[in-house]
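One structure below.
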């Protein structure tokens, strides 16, 4: 499913499904209370930015020769086969180079959005709302955290960067990122959608 379709579906949920719950009931359903002020949301964005910056900074950057190898083995191989995977391209996804590339790209995209939410003067609430939805969408994407987890398991990244429970249970590590996306939807994006109606 493409990013724009996921954002569209999340927005439809926020606008059409959630308002059917009355205000008293909905208060009890928040794991984290709604972050109703821009200052509270910026504080949360800064907290998340620090967390994901910690992950991003631990991932080694590919050298020029590693980038060339990945381009040949993965990207060029897929392109040569009519934009379809081959055994060779799939084998490349198990490489250290691919895992570094995928994890670094994932957390870079998250940090670009968080930087805007935490440090810039966003013009209006609608624009801010869209950024929170985009952030939730990236947090729901599993291949970046999967590759980060693989790097930790390989010993490429210090295992203490994640909790013991996350180290022992890969779905827990990815699940915690999904829970963060859920918190963003329930405490930020859905309340913002209600206020914009």
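Name every residue in region 33-62 that is assigned to a helix (DSSP H, G or I), free of Cβ contacts under 8 Å to residues at least 12 places away in the same chain and more than 22 Å from residue 149 (Cα to Cα), in order of residue number.
39, 40, 43
Summed over region 154-178, the residues that are outside any loop (DSSP other than H, G, I, E, B), surrounded by fewer than 15 Cβ atoms within 10 Å (Cβ to Cβ) and in contact (Cβ under 8 Å) with a residue 12 or more places away in the chain give a count of 1. Residue count for region 85-118, restricted to those that are within 16 Å of residue 49 (Cα to Cα) and free of Cβ contacts under 8 Å to residues at least 40 places away in the same chain: 5. Of the candidates 136, 181, the single residue that is touching a helix residue (DSSP H, G or I) at 6+ places or on another chain (Cβ under 9 Å), in contact (Cβ under 8 Å) with a residue 24 or more places away in the chain, under 21 Å from residue 59 (Cβ atoms) and part of a helix (DSSP H, G or I) is 181.
The condition of being in a helix (DSSP H, G or I), on the phi < 0 side of the Ramachandran plot and modelled with pLDDT under 90 holds for only one of 65, 26, 89, that being 26. Among the residues of region 92-108, those that are surrounded by fewer than 19 Cβ atoms within 10 Å (Cβ to Cβ), within 20 Å of the chain's Cα centre (by Cα) and not in a loop (DSSP other than H, G, I, E, B) comprise 105, 108.
The values are calculated or read from the model by the stated rules, or taken from the named source; none is laboratory data. Predicted model only: the values in this text are computed from it and were never measured. In this analysis, Cβ positions are derived from the backbone assuming ideal geometry, glycine residues included, and neighbour counts consider all displayed protein chains.
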